[in-house]
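Everything below concerns the one structure shown next.
Since every read-out is calculated from the coordinates, none of them should be taken as a lab result. Worth saying up front: this structure is predicted, and the values here are computed from it rather than measured. When we count neighbours, we look across all protein chains shown, and the Cβ atoms used for this are built from the backbone with ideal geometry, even at glycine.
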Ligand SMILES: Nc1ncnc2c1ncn2[C@@H]1O[C@H](COP(=O)(O)OP(=O)(O)OP(=O)(O)O)[C@@H](O)[C@H]1O
């Protein structure tokens, strides 16, 4: 019998692998025992609050900091002990995009984008051709002679992305690339990164402190706190069933909350309608559970809050549901039936009259 086809070719080295990487500064452990692997073509998000260790992790990945313990491999090659000149070609395999763009103000857009190629000693005609290709890719054709000061923040970041891609890296490392941008521009830049991932199969590592960025494009996410990985998994699963307190906190502003008027009227013991919070996610969330429950128990159901979303192709959501049963005695069975179809079901209390 054939086993399921693996997502990744086991014989191909991962683009990036960290094995037990730790780094202390004096007594302080900035990162501890970090294990992670990024395979070709995937978008992995790393999220953490300020001080979680994100910058230290990036510096270990690009060889600016030597870990105290553990190994970093880029395309199967360990970078420990490499000299500066040996590190250069390895670093060129990683294109970096920065929060504040890091463009050279006295160079044109074309010169900024061509810089990595110039450093790599590529001939001028090749550089010119590549700059035009990249400008088209990032939607800035015709802007090659502009200076950074003539561009908006979003356009500057497009130039930053084009420059990062110039030397055809194996990995694009985005360090808070949208943190300085307004929500609309953030959306455009994330869409561009998602398009580039699909069109070129580019592998992307996204470092961010914003769950919204993760939700939009990361297929997999690692949650970092106090220098340790506290949670990891497919993005939709983490959104649907966050396990750690820090993940729930990071998700706070993303998940729908119960309407305040509803919460104010909740009675823990009795009322005409029972109020449930349902957490739904994955393939099971597509089932018509509300109509099934209504029919099975001859109950009347009202949605009183929440919403459903699509995260990386999977339905994920939190609904607040008011259930008026035929008899109060049905509530335990209704609770069980809901729990059987959801990731989590909680009976929050009861209300009387319409909320
Ligand atoms: N060079 C250093 N010397 C001493 N302590 C450091 C150094 N670099 C980082 N740290 C400490 O290590 C911890 C992790 O810092 P790091 O900058 O990696 O976190 P971060 O998640 O990138 O935070 P931020 O989002 O604020 O940049 C912090 O407590 C920080 O104070």
### Task
Please report the Cα spread of region 135-191 along all three principal axes, rounded to whole Å, starting with the longest.
29, 27, 17
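Rg to Rh for region 1-132: what is it, with Cα atoms only and Rh by Kirkwood? Don't jump to the answer; show the numbers that get you there.
On the way: Rg = 18.0 Å, Rh = 17.4 Å.
Rounded to two decimals, Rg over Rh is 1.03.
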#### Entry: Whole-angstrom gap from region 287-351 to region 34-72, using each part's C-alpha centre
41
### Message
P(r) for region 105-209, please, calculated from all Cα pair distances in 10 Å bins and given in %.
### Response
15, 49, 33, 3, 0
#### Entry: Between region 160-227 and region 132-159, the alpha-carbon center distance in angstrom
18
### Query
With contacts defined as alpha carbon pairs under 8 Å and 6 or more residues apart, what's the relative contact order of the chain in percent?
17
### P(r) histogram, all alpha-carbon pairs of the chain included - 20 Å bins from 0, percent
26, 46, 23, 5, 0
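Output the peptides 264-271, 308-315 sorted from most to least packed, where packing is the average of other Cβ atoms within 10 Å over each peptide's residues.
Working: 264-271: 11.8, 308-315: 15.5.
Peptide ranking by packing, descending: 308-315, 264-271.
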### Task
Compute log10 of I(q)/I(0) for region 260-351 with the Debye formula, placing one identical point scatterer on every Cα and leaving out solvent, at q = 0.14 Å⁻¹, to two decimals.
-0.47
### Query
In deg cm²/dmol and to the nearest 500, what is the mean residue ellipticity at 222 nm of the chain if only DSSP H runs of at least 4 residues count, each as -39500 (n - 2.57), divided by the residue total?
-9500 deg cm²/dmol
### Task
Give the percent of DSSP beta bridges with both residues in the chain that are antiparallel, rounded to the nearest 5.
70
### Message
I'd like to know how region 177-269 sits against the 2.2 N^0.38 Å rule of thumb: what's its Cα Rg over that expected value?
### Response
1.32
